[in-house]
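First up is the structure itself, then whatever we jot down about it.
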Amino acid sequence: MHMADALLSPAIGATFWAASAGTLAWCSKRLRSDARDHLAPLMGVLGAFVFAAQMINFTIPGTGSSGHVGGGMLLSILLGGPAAFVVIASVLTMQALFFADGGLLALGANIFNLGMFPCFIAYPLIYRPLAKAAGTTPAKGRLVLITVLATMVGLQLGALGVVTQTQLSGISSLPLSTFLLLMQPIHLAIGLVEGLATAALIAFIREARPDLVDVGNASAVRVPTAFPTRIVAVLAGFALVTGGLFSWFASANPDGLEWSIEKVTGKPEAGTGGAVHQAFGQLQQRIALMPDYKFAQPEQTTADTAGESGSGETWPAIDAGTSTAGVLGGLGTLLLVTVIGYLLRPRRSRATE
Amino acid sequence: MSSIEGLRREVHSLDATAGQSTWLSRIDPRAMILATLAYVLTVVSFHRHAVAALLPLAIFPVVLARLGNIDLAKVGLKVLLAMPFALMVGLFNPWFDTNPRLNLFGLAVSGGWLSLASILVRAVLTVAAAMILIACIGMHRLCAALDRLGVPRVLTTQLLFMHRYILLLAGELVRMNLARELRAPCASTMPLAVYGSLLGHLLLRTLERAQRIHQAMLARGFDGHVPIGQVFSWHWRDTGFLAICLAALLLMRTTDLSALLGHWLMKAVT
């Protein structure tokens, strides 16, 4: 369920980066004031554990497919929200770097989807109250139910996050309802499987080391969690500001975020966006060696997107000349890149760009 | 279990690549990180139908991989493996965006096909950039640089710890699973109960290991902070590298180099 760079607009990517970075900073502050210094090696090794655990699958009876444990809920139960969030952020960073899962810009969105929801929503608002209400010696079935429910809610919210980010970015043309119908049911099933795996693991630990997973026991490895109301409010404000600042950097097409800013602020474009955009447009006009490279008359202009005229960065109307030039130029560029790559082949590294 | 072998190979080969002494490895990792972020932002800032205009940006991964002596074929393979999600979502575009956007020798190409192509190009470029970043600077220097860039110590320490213990735990899991397979040769499946206790045992061992690590760290004078012993100094070379990258990115973002080239080619032909 990793969000990909290719589906994100800069505004949305940066907004979720800011949100995740802010939460990380808050968690880091919380953890620094934590007196137990054995937390550092514990978190590190548990991160490695989650990474390794996701490589081994159990068989789902009757389906022939398999599933594995998800990290968020397990880590939250073992470590508490803030520490679990940091561990998940590190696991996702490793995955982005080593396995190309997601990407660097999407990392913020991924940490938000897979970390924020299980650690700060599903765990403190669903798992903990229910597990506490179940008493000190809950029935095994009840605990399994609670774990599965919390995992499923976390994953549903995460999938919703992916859909929302994709929609707001506007790179994909998938309608919201179709995308929701595609994502949510699949993740209901994945959530059930991950929840069962997590519950099986927790049930085992509960028998072997009940002190580690006992909700009422504060002396376990857990860090006490409170729902970070203040940080959520600050983040929401921060997200709006970054959204406004970054929207000028987004494409010429008024994308989902600009649309939502328009709805929120009531103004067509937030803050300095328009001016910066125009400056960029003028700069482009000046830099462009040959701004009017069309040589044939436009045949039709129906597809010209409304709302981008005057922004200085207009998408050229359909025109056979431009199209052919684009295709030829694209192929030529690829050829050039290949030639340069060939010229720079190993043992011949030149200190030139 | 082949995936764990894959992980092991991955981590080793990345460490080996990052340990090389090349022109690129002498660049301050902070400059590399900033340049990579700028690159990714530039790639995703293009119009959703832009395809040809994105292609000149491919020069970055190619040149950097060469300067850093990184195997481009390996990067390419990983890029392809990482594609599925973007591809899955992008595949729907041709159905929902049918406005003609391009006239290709009399053939109308809809916006959906263009944006699908754009998504694929974006995926290749952004993923390749991330791969080259880590292959060139390695985990240790990455964490040290992130630390100097102001990323919370908790996260950089966490990344370093994880990187160190992943192979250890993966190896332990392989051995445990091998032991299980040897004792149950006919069972090709892994029931949930067995899965739970297998991972549960690993988790218990992991927690005990964490305790031993902590004691060993205390014995060596651990005071709550893991020292990241890398010292960098920012040279003119790094400023130059970053400036060239940013200037090239700005040029490619503001000027459609592909279209210019195509126009010149067409002029040359006619």
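The values are calculated or read from the model by the stated rules, or taken from the named source; none is laboratory data. What you see is a predicted model, and the numbers here were worked out from it, not measured in a lab. Using ideal geometry, Cβ is built from the backbone for each residue, glycine included, and neighbour counts are taken over all protein chains shown.
Taking the criterion of being more than 8 Å from every other protein chain (Cβ to nearest Cβ) and either of a type outside the set (A, V, I, L, M) or not in a strand (DSSP E or B) (or both), the only residue of the stretch B:96-109 that qualifies is B:T98. Scanning the stretch B:146-165 for residues that are β-branched (V, I, T) and part of a helix (DSSP H, G or I) returns B:V154, B:T156, B:T157.
Every condition in (1) assigned to a helix (DSSP H, G or I); (2) under 18 Å from A:T333 (Cα atoms) is met by B:F85 except one, and the failing one is (2). What do you reckon, is A:I146 in contact (Cβ under 8 Å) with a residue 60 or more places away in the chain and among the aliphatic types (A, V, I, L, M)? When the stated conditions are applied, A:I146 does not pass them.
Screening B:I228 against (1) more than 10 Å from chain A (Cβ to nearest Cβ); (2) touching a Gly at 6+ places or on another chain (Cβ under 8 Å) leaves a single unmet condition, (2).
Against the numbered list (1) in a helix (DSSP H, G or I); (2) under 23 Å from A:R345 (Cα atoms), B:Q20 comes up short only at (1).
A single entry from B:L155, B:L142 fulfils the requirement of being more than 7 Å from chain A (Cβ to nearest Cβ) and crowded, with 20+ Cβ neighbours inside 10 Å: B:L142. Of all residues in the stretch B:231-270, those satisfying the criterion of being without any contact (Cβ under 8 Å) to a residue 40 or more places away in the chain and at the interface with another protein chain (Cβ under 8 Å from one of its Cβ atoms) are B:I244, B:L251, B:T254, B:T255, B:L260, B:L261, B:H263, B:L265, B:M266.
Scanning the stretch A:79-104 for residues that are assigned to a loop (DSSP other than H, G, I, E, B) and in contact (Cβ under 8 Å) with a residue 40 or more places away in the chain turns up A:G80, A:D101, A:G102, A:G103, A:L104.
Within the stretch B:67-86, being at pLDDT 80 or above and either more than 7 Å from chain A (Cβ to nearest Cβ) or under 27 Å from A:G326 (Cβ atoms) (or both) holds for B:G68, B:I70, B:D71, B:L72, B:A73, B:K74, B:V75, B:G76, B:L77, B:V79, B:L80. Counting only residues that are part of a helix (DSSP H, G or I), surrounded by 12 or more Cβ atoms within 10 Å (Cβ to Cβ) and of a type outside the set (D, E, K, R), the stretch A:120-137 holds 11 of them.
Residues in the stretch A:167-193 that are over 18 Å from the mean Cα position of the chain (by Cα), small (G, A, S) and surrounded by 15 or more Cβ atoms within 10 Å (Cβ to Cβ) were compared, and the one that is nearest to A:G13 (Cα to Cα) is A:S173.
The residues in the stretch B:158-189 that are more than 28 Å from A:L39 (Cβ to Cβ), at pLDDT 85 or above and either at the interface with chain A (Cβ under 9 Å from one of its Cβ atoms) or within 20 Å of the chain's Cα centre (by Cα) (or both) can be counted, and the count is 0. If you take the residues in the stretch A:54-72 that are touching a helix residue (DSSP H, G or I) at 6+ places or on another chain (Cβ under 6 Å) and either under 15 Å from A:L92 (Cβ atoms) or polar (S, T, N, Q) (or both), which one is modelled with the lowest pLDDT? Applying the filter and picking the extreme gives A:G70.
When you scan the stretch B:110-121, do you find a residue that is outside any helix (DSSP H, G or I), modelled with pLDDT under 85 and surrounded by fewer than 23 Cβ atoms within 10 Å (Cβ to Cβ), even just one? Yes, the stretch B:110-121 has at least one match. Per the listing A:V148, A:V153, A:V162, the residue uniquely at pLDDT 90 or above, part of a helix (DSSP H, G or I) and either surrounded by fewer than 16 Cβ atoms within 10 Å (Cβ to Cβ) or within 13 Å of chain B (Cβ to nearest Cβ) (or both) is A:V148.
When residues in the stretch A:1-26 are screened for being buried (at least 24 other Cβ atoms within 10 Å of the Cβ) and either on the phi > 0 side of the Ramachandran plot or within 7 Å of chain B (Cβ to nearest Cβ) (or both), 8 of them pass.
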